[in-house]
Amino acid sequence: MEVKQINSLTQVDSIAWNKLAGDAYPFLRHEFLMALEQSGSVSEQTGWLSAHLLVMKGNELVAFMPLYLKSHSRGEYVFDNQWAHAYQQFGLRYYPKWVAAIPFTPCQGPRICIKEHVDPLEVTRLLLAFINEIAGQKGISSWHCLFPVQQQVEMFRALGLGIREGVQFHWFNKGYRDFDDFLQTFSASKRKMLKRERRRVSEQGVELIRLAGRDVSEPQWQVFFQFYKMTYLKRGSQPYLNADFFLACAATMGEQLLLVLAIKDNSYVGAALSFIGTDTLYGRYWGCYEEYNALHFEACYYQGLDYCIEHGLNRFDSGAQGEHKISRGFEPVTVYSAHWLRDEQFAKAIEHFLTREQKAIQLYKQDAATYLPFKK
């Protein structure tokens with residue numbers, strides 16, 4: 001087996017790529033990553049330069065790793081700005097760095113896709129050896145793998161990489177018949193709160209509809225994009241993605257998109273977009289022009305929970321952060337990242353930092369669990 005590096009998804013066969021990626025995790029599909037490239041959302045100009053690694057056996061693709069050369073740390077959701085600042089203080093360059101991740105997508109998933117019956121440990125060692133060698137040649141400071149699945153985390157740990165922990169809040173389907181059945185697991189006060197929030201949305205004259213990606217018209221996508229963009233503009237920043245990205249996803253993988261539109265007086269007033277995996281719904285993007293009481297919770301969470309229950313999905317991953325999700329039945333879960341730094345002294349310092357941080361993260365997760373709304 002040998003490693004080959006490419007700087008565009010156009011340089012790999014989409015069928016071979018998708019055969020390894022599968023449908024369970026939509027963000028690894030060739031169509032999704034290609035939409036990021038072709039829309040210009042990832043490029044040298046945006047600081048996300050494609051540098052994907054392919055593992056070839058002759059002419060056969062047996063494994064791959066999505067990889068980007070980064071000139072900043074934006075859009076990653078694992079915050080290493082302090083590390084970059086420490087490098088700068090010592091007169092060293094932290095950027096460029098390599099990031100094995102899905103751009104702008106803090107959702108757990110495979111970060112190395114490997115053909116069945118090929119040894120994962122052998123492939124991982126081969127990829128890390130390549131990263132080590134090329135990083136030295138090109139002056140790349142480090143490699144960071146963000147939000148890998150647990151099995152790959154343990155393999156990285158066994159190979160001596162630094163492992164960082166974080167906390168997200170996910171919902172788990174425990175065989176609920178409907179939303180009311182889910183609410184029966186809540187304490188009386190929390191159950192009353194959720195019912196009141198759902199009622200307030202309808203009392204404001206707001207109706208919500210759910211559309212499969214292939215059923216969304218181009219004008220509706222443009223409306224959604226304006227809502228999405230508004231979320232960033234309200235915070236004084238520019239959106240990571242553009243309208244062309246969403247239109248490309250709708251055209252090539254619309255069966256894995258779910259759009260929720262909020263309507264009042266025959267006008268759209270908000271929207272939320274999710275991606276659909278084999279057993280997980282991934283809540284991703286939301287926006288509105290003006291605020292309505294509890295509309296964010298209804299569009300981003302309760303509609304998604306309804307969908308999961310109706311379609312038998314096991315999990316709802318609604319993205320990073322959001323402690324307000326706890327009282328709505330989203331449980332704290334540990335998420336991970338793996339890190340390799342070429343400078344040995346900094347690697348040791350960050351290893352000590354991760355050990356200290358991990359204790360605080362575990363205490364935070366334990367504390368967060370005490371606020372769950374379920375009956376004791």
inquiry  = Looking at the chain as a GNM with Cα springs under 10 Å, which of S327, S237, S50 has the largest mean-square fluctuation?
reply    = S237
task = Find out how many positive minus negative residues lie around N59, taking Lys and Arg as positive, Asp and Glu as negative, among other residues whose Cβ is under 15 Å from that of N59.
result = +1
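Which order results if L49, L363 are arranged by neighbouring Cβ count within 10 Å, fewest first? Write out the running numbers ahead of the final one.
Working: L49 18, L363 10.
So the residues, fewest neighbours to most, are L363, L49.
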task = Could you work out how far the C-alpha centroid of the stretch 276-299 sits from that of the stretch 1-75, in angstrom?
result = 28 Å
request  = Determine the dipole magnitude for the stretch 174-313: charges of +1 sit on the beta-carbon of Lys and Arg, -1 on that of Asp and Glu, nothing else is charged, the reference point is the Cα centre, and the result goes in debye to the nearest 20.
outcome  = 600 debye
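Treat every Asp and Glu Cβ in the chain as -1 and every Lys and Arg Cβ as +1, leave all other atoms uncharged, and give the resulting dipole magnitude about the Cα centre to the nearest 20 debye.
Working: 41 positive and 40 negative charges, 218 e Å.
Value, rounded to 20: 1040 debye.
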ask   = What nm distance separates the two modelled labels at V333 and N81, each placed 7 Å from Cα along Cα→Cβ?
value = 2.8 nm
query = Looking at the square roots a ≥ b ≥ c of the eigenvalues of the Cα gyration tensor of the stretch 220-376, which shape do they give, rounded for a/c under 1.5, prolate if a/b is larger than b/c, or oblate?
reply = prolate
request  = Step through the table entries K174/K365; K325/K376; K97/K348; K138/K229; K234/K359, compare each Cα-Cα distance with 26 Å, and write down the pairs that go over it.
outcome  = K138/K229; K234/K359
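Based only on other Cβ atoms within 10 Å, what is the fewest-to-most ordering of T10, T334, T370? Intermediate results must be reported in sequence, preceding the final value.
On the way: T10 12, T334 15, T370 8.
The order, fewest Cβ neighbours first, is T370, T10, T334.
Bear in mind that the values in this text are calculations on the coordinates, not laboratory data. All values derive from a computational prediction rather than experimental measurement. Note that each Cβ is placed from the backbone with ideal geometry, even for glycine, and that neighbours are counted across all protein chains shown.
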